[in-house]
Structures are given as structure tokens and as C-alpha cells.
Amino acid sequence: MKKEGGTIRVPTWLCGYRYENVIYGRFSKKTTTVDAIDFFVSDDFTNSQISIELLNYASQVIKNGGNIILPTRHQQIVQIAAKLNNNIRLYELLRNIQYEVCELVGAEAASILLFKKDHLEFMVTAGGASGKIEAIPVPMESIAGTIFLNGKPMIFNDLEKDSRHFKGVDKAAKFVTKNIVGSPIWVDNKKIGVIEVLNKNGGFNEEDASDIETFSKLIGKKLLSTWKYEQFSKELKTILLAIADAIDKRDNYTHQHSKNVTFYSLEIAKRVGLSQEKLEKLEFSAILHDVGKIGIPDSILRKPGKLTDEEFAYIKNHTVYGAEILSQIKYVDNDIISGALEHHEKLDGSGYPYGKKGEEIGLFGRIIAVADIFDALSSKRTYKEGWQISDVLKILKEDSQRGKLDERFVKVLEEYLIENGLI
Ligand SMILES: [Fe+2]
């Protein structure tokens, strides 16, 4: 915030204000009132002390007849694009791009399409249209295709009569498109896709088109790099699952144990409200929770019949070996290591390798412990049949009542089983 005489320069998040029933600046959804002046602030506004101080100050300036100088339109767009650079994952980036462009021009919805050889494809990772429209190839004769080929922003305010409007997408997404402004998305001098902004009351104008073009030029590089990162992550996951599957096969599992443990761990974690970032880490941790079994000889791991105390002590080492292997990977942090190291620990201290108790055991270790026991008991192995799910759940509940497993995680796993008709 920079004071200039009777005026202050405000950051982008102070999007506008209403004073004596006149709205100044860019309207945004959230409002807060200070000294009877309504401030419209964007979603990243928090009631932190500095924000309250700024609003108090701004209200005094306004009341004393001073002005708040809002950034120019171009500056606003640059700041929005800069803010979006903080998004690491594609789903967040797409969601926030859509939100910001709609705010920018006062539209209802936005879509982002990527150019693939001879057609365009929607980029969707979450929301109502997810799973419905990504698979629909959008032809180059469509409006999006026309914008891409034209290489310039374009406005379509009369879609009813426009034969280029590709209705297949509206149908699949259960959406009615009334008007569109769109621009190619640029990375340096290359077009990589199209951004379309949909449905503005009264139609779009030239200023909207120019704003969307500026935005598309600024966001292209970030969008492409995030998309590539997402593709790389997917491929990496496939490789990790293949490694985990190989380990499971050595351990007499007749099915993909690590994959199942990952599935149940994520079901549990979603139900207790873990963030998307934590869910992604948990997925990594659960896939590789038994990776340390690589270090256990076949003569012990595959031994039919009962293990000696010495052999069992050796098996226990798979947790420590796993943590050692994972700690060599740059991306891996303590949460992820906890999954491998602590999934056999028990809350009452009776587990291994260290006999840790309660909160000493990491969150991932406690979640994976429940998922691991559930899958190990309920599934068939080369030397045993799978148990009835209701019997497995009984064991898990008893273990949580005896203070061995985290009660919350057993409870939400039960919820999952009930909701899916498995018990
Ligand atoms: Fe294990």
C-alpha cells in the first residue's frame, strides 16, 4: 500500500468499494463493511490484521474525500495472472483461471481447450463437466476452432443463428451457451489452445475481447508447464504402481494389495477432510508403503508356515528399509516417510519398528495402518481365503477399542463400506 497525498494505491484483492451507493472499481463477490463503506474483496482476502488496518485506512481516506486509485485494467490483469502463478496443480489452476476470467468480464462460465493435432480438447479436472466433455473432440470448424485458426480474439453474441456453435458440448455439460468471447492461448509465439468465456448479460464487447487476449497471453506458459507436470505425474504414478505390484507378487498377494491400500487410504482421508495436497502425498505414500520389502530375502518373505522370532524381526525391517529408500527421493517429506515407516505402529505402543505411541505416529502411518489391515485380511492370498468383510470390520473395531488403531479412521472406513453396500 502506497500513500500519495490523500490517496492510497490498493492491491488487487481490494477489488472495489461502494460509497454512497456508487460502486468504484472491479466488483467481486465477498464484501466486508468498514465505517458503513462496503468493500468488495476477492476470495484470497482473510481477516488478517493488516487487511483490517488497510480497510480502516481506506475508509478514512474515502470519507475525507480522498480517492483510492485502482490499478489500470491492464495492471489488474497482470496481477491476476501473477497470482495464478502460485497454483501448482492443474485442477486448481483451471478452476482459478475460470473464476478470474469470469470476474474480469462479468461472465457466467469459462472453458479452456488444448490443441491436439487436428482438433481441440477440453481441459477439465473437476466440477460438474468433469468426465463428460473432455472426451468430446471439438472440431476446428467450431467456434473454438475458428478462434484458434484466426489467431485473434473474437466475439459471438448471436449464437442462435451461428452454425459453427458446437452444441454437443452444451448437451453433455447440460449448459446453455448464449454468447462467447474467446482468444487463442499463446506460449511465446505459438498457439496452444483457446480460452472461451461464456454468457454475459447484454453480450460481450471489444474491451472484454482485448482483456481476454491479454490474459491468455500472460497465462499460456504457466498453463502449459502445469499441464506437462500433470502428465508427468500420471506417468510416474503408473511406474510406481508397477513397482508396488511387483513387490506385492513376491509377498504372496494374488491381487494388487498396494493399489487397494491406496484406494482405502484415500477414501478414509477424503472423509476426514484432508486437503488435496495431502491426498496427493498420501497416495504416493500408500502406493509405496511396503517398498522396503525389496530388502527382505525370499526365504523369509515367501516362507510357508510360521516364521521364527528371528525371521519375524527381519520382516519388521521392511518399514525402516522403506523409509530409507523413500528418503532418497527429493520430493518425499516426513508425511510420506511416515506411511512406510509407521504403518505397523499401534497407538498403544505395541507395534513396530519403534513402538511409537498415539500422536507420535504420523497421520499417514495411522491411516495406512487401517487400510493395510483391512485389505490384508479381506483379500485372498496364495495360502488363505479372504475373510468376510463384516468379520474384518469387527477386528478393526476391536483393535480401535483396545487403543491400537485410530478410531476415527475405522469409523469412516465403516461409513464407506455401508454407503457402498459392502456390509
Ligand atoms: Fe507393511
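The values are calculated or read from the model by the stated rules, or taken from the named source; none is laboratory data. No experiment lies behind these values; they were computed from the predicted model shown. Virtual Cβ from ideal backbone geometry, glycine too; neighbours counted across all protein chains shown.
The rows are residues; the columns are (1) assigned by TED's automatic domain parsing to the domain that holds P297; (2) surrounded by 16 or more Cβ atoms within 10 Å (Cβ to Cβ); (3) over 24 Å from E283 (Cβ atoms).
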{"site": "I195", "(1), (2), (3)": "no, yes, yes"}
{"site": "F204", "(1), (2), (3)": "no, yes, yes"}
{"site": "L218", "(1), (2), (3)": "no, yes, yes"}
{"site": "A246", "(1), (2), (3)": "no, no, no"}
{"site": "S265", "(1), (2), (3)": "yes, yes, no"}
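Filtering the range 263-272 to residues that are part of a helix (DSSP H, G or I) and either away from the ligand (no atom under 13 Å from the Cβ) or in contact with a strand residue (DSSP E or B) (Cβ under 6 Å, 6 or more places away or on another chain) (or both) leaves F263, Y264, L266, E267, I268, A269, K270, R271. Do we find that S275 is modelled with pLDDT of 95 or more, among the polar types (S, T, N, Q), in the same structural domain as Y383 (by TED's automatic domain parsing) and more than 12 Å from the ligand (Cβ to nearest atom) in this structure? Against the criterion (modelled with pLDDT of 95 or more, among the polar types (S, T, N, Q), in the same structural domain as Y383 (by TED's automatic domain parsing) and more than 12 Å from the ligand (Cβ to nearest atom)), S275 does not qualify. Residue-level check: of (1) surrounded by fewer than 18 Cβ atoms within 10 Å (Cβ to Cβ); (2) within 16 Å of the ligand (Cβ to nearest atom), I239 misses just (2).
For the range 282-304: of the residues being away from the ligand (no atom under 13 Å from the Cβ) and surrounded by fewer than 21 Cβ atoms within 10 Å (Cβ to Cβ), which is farthest from R381 (Cα to Cα)? Here the residue is E283.
Can you work out which of the residues in the range 55-77 that are crowded, with 16+ Cβ neighbours inside 10 Å, modelled with pLDDT under 80 and touching a helix residue (DSSP H, G or I) at 6+ places or on another chain (Cβ under 7 Å) is nearest to Y24 (Cα to Cα)? Filtering the range 55-77 for residues that are crowded, with 16+ Cβ neighbours inside 10 Å, modelled with pLDDT under 80 and touching a helix residue (DSSP H, G or I) at 6+ places or on another chain (Cβ under 7 Å), the one nearest to Y24 (Cα to Cα) comes out as I68. Just to be sure before I move on: is V105 out of contact with any strand residue (DSSP E or B) (no Cβ under 7 Å at 6 or more places or on another chain) and closer than 22 Å to I80 by Cβ in the structure I sent? Spelling it out, it is not the case that V105 is out of contact with any strand residue (DSSP E or B) (no Cβ under 7 Å at 6 or more places or on another chain) and closer than 22 Å to I80 by Cβ. At pLDDT below 95, part of a helix (DSSP H, G or I) and either under 30 Å from V105 (Cα atoms) or not basic (K, R) (or both): does that describe T238? Against the criterion (at pLDDT below 95, part of a helix (DSSP H, G or I) and either under 30 Å from V105 (Cα atoms) or not basic (K, R) (or both)), T238 qualifies. Scanning the range 154-193 for residues that are touching an Asp or Glu at 6+ places or on another chain (Cβ under 7 Å) and charged (D, E, K, R) yields one hit, R164.
Each residue in the range 333-377 was checked for being away from the ligand (no atom under 16 Å from the Cβ), in a helix (DSSP H, G or I) and surrounded by fewer than 19 Cβ atoms within 10 Å (Cβ to Cβ), and 5 of them qualify. Of all the listed residues (K316, K330), the sole one being of a type outside the set (A, V, I, L, M, F, W, C), away from the ligand (no atom under 14 Å from the Cβ) and either surrounded by fewer than 23 Cβ atoms within 10 Å (Cβ to Cβ) or in a helix (DSSP H, G or I) (or both) is K330.
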